[in-house]
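I have placed the structure first, in the form of structure tokens, so that the comments after it can refer back to it.
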Amino acid sequence: MKITINNLCLKIANQTILKNLNLSFQQGEVTCIVGPSGSGKSSLLRTLNRIDSNKNYKYSGDVILDNKSIFAKDYSLEQLRKQVGMVFQKPCIFPFSITKNILFGAKHHEKMTAYQAEKLVIDKLKQVALYEEVRDRLDQSALELSIGQQQRLCLARTLAVNPQLLLLDEPTSALDPYSSGALERFVVDFKKQGTVVFVTHNIAQAKRIADHVVFICNGEVIESGSAEKMFSCSTTDQTKQYLNTQTCDC
Ligand SMILES: Nc1ncnc2c1ncn2[C@@H]1O[C@H](COP(=O)(O)OP(=O)(O)OP(=O)(O)O)[C@@H](O)[C@H]1O
Ligand SMILES: [Mg+2]
């Protein structure tokens, strides 16, 4: 799946949040979005999944997903949600069991037998390195899980719908190094079947997993390019400063 963003602007209640973004995310690549707090990273991901829109949100420009504008009147949001999986910065757990959480979206999109459902739950929990920790309490409330476990459960629920594009907003912020490593390996592996946009404050992590890097500050793309170029010879002083010190004077 290819995503092209053309002159995208977002204003919320007259405050400019995203300014004239031009970007593309390629099939089979991990793009890491980095930038200071409040720079618009989460707003960009939410825009790509058409969420949080209300009458205070004013968009201009376009986002093209497989040759179709996601803002088109006849664009199916249901289809978008099936193709695009998102894991939010704060885990968003439903007050049901672990099993029900994982099947929530998947059952909405397709019918399955009890056997298929059970297999899906186990497969997805294994994929996010959570199965061993929760295998004895799949029918207990997911709200009892730790934040790091909830974060992995959200990813498992997203994967159960089999998305082609994954939008991950700081998905390892509450994980220990072991689980973070497992998630990073999963993301790199996922490239074989789709596209990943990954927001992180962790530059070392971006170095490990990114094919492409986008540096955003104050709602603007300051620079974007291949990970190799961005980490070894970025062209703007702001990018060099941010990637080296995580501070910026933009
Ligand atoms: N619903 C909203 N209403 C008003 N302002 C908003 C809304 N959502 C985001 N903003 C503003 O948009 C700006 C960008 O926020 P966003 O959450 O996208 O930043 P971020 O780069 O993800 O930051 P962080 O690294 O802290 O998660 C901030 O100034 C924020 O206050
Ligand atoms: Mg954010």
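The values are calculated or read from the model by the stated rules, or taken from the named source; none is laboratory data. Note that the coordinates shown come from a computational prediction; the quantities given were computed from them, not determined experimentally. Every residue, glycine as well, gets a Cβ built from its backbone with ideal geometry; the counts of neighbours run over all protein chains shown.
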Top-ranked residue in the range 166-184 [being acidic (Asp, Glu) and away from ligand 2 (no atom under 16 Å from the Cβ); ranked as nearest to Ile3 (Cα to Cα)]: Glu184
Hey, Gly28 away from ligand 1 (no atom under 16 Å from the Cβ), out of contact with any His (no Cβ under 8 Å at 6 or more places or on another chain), touching a residue at least 12 places away in the same chain (Cβ under 8 Å) and under 18 Å from Val197 (Cβ atoms) or not: yes
Which numbered condition Asn56 fails, given (1) in contact (Cβ under 8 Å) with a residue 24 or more places away in the chain; (2) under 30 Å from Cys250 (Cβ atoms); (3) surrounded by 15 or more Cβ atoms within 10 Å (Cβ to Cβ): (3)
Criterion (in contact with an Asp or Glu (Cβ under 7 Å, 6 or more places away or on another chain) and of a type outside the set (S, T, N, Q)) met by exactly one of Val161, Val187, Val199: Val199
Qualifying residues in the range 76-117 (those that are more than 16 Å from Ala156 (Cβ to Cβ) and within 16 Å of ligand 1 (Cβ to nearest atom)) - the one surrounded by the most Cβ atoms within 10 Å (Cβ to Cβ): Gln89
Single match in Ile209, Ile222, Ile216 (criterion: of a type in the set (Val, Ile, Thr) and either farther than 20 Å from Ser43 by Cα or in contact with a Leu (Cβ under 6 Å, 6 or more places away or on another chain) (or both)): Ile209
Count - residues of the range 52-75 that are hydroxyl-bearing (Ser, Thr, Tyr), modelled with pLDDT under 90 and either more than 16 Å from ligand 1 (Cβ to nearest atom) or farther than 12 Å from Leu10 by Cα (or both): 0
Qualifying positions in the range 28-47 - among the aliphatic types (A, V, I, L, M) and surrounded by fewer than 22 Cβ atoms within 10 Å (Cβ to Cβ): none
Wholly enclosed strands (runs of 3 or more DSSP E) of the range 157-233 bearing at least 3 residues over 13 Å from Val30 (Cβ atoms) and out of contact with any Cys (no Cβ under 6 Å at 6 or more places or on another chain): 220-226
Residue in the range 6-50 that is nearest to Phe190 (Cα to Cα), counting only those that are among the aliphatic types (A, V, I, L, M) and under 13 Å from the mean Cα position of the chain (by Cα): Val30
Count of the range 7-25 residues which are more than 16 Å from ligand 1 (Cβ to nearest atom) and loosely packed, with under 15 Cβ neighbours inside 10 Å: 3
Selection from the range 157-179 of residues that are among the polar types (S, T, N, Q), crowded, with 19+ Cβ neighbours inside 10 Å and farther than 20 Å from Phe104 by Cα: Thr172, Ser179
Scan of the range 142-156 for residues that are surrounded by fewer than 22 Cβ atoms within 10 Å (Cβ to Cβ), hydrophobic (A, V, I, L, M, F, W, C), away from ligand 1 (no atom under 16 Å from the Cβ) and part of a helix (DSSP H, G or I), ordered by number: Leu143
Selection count where residues are more than 21 Å from the chain's Cα centre (by Cα) and either of a type in the set (Asp, Glu) or buried (at least 21 other Cβ atoms within 10 Å of the Cβ) (or both), scope the range 122-141: 4
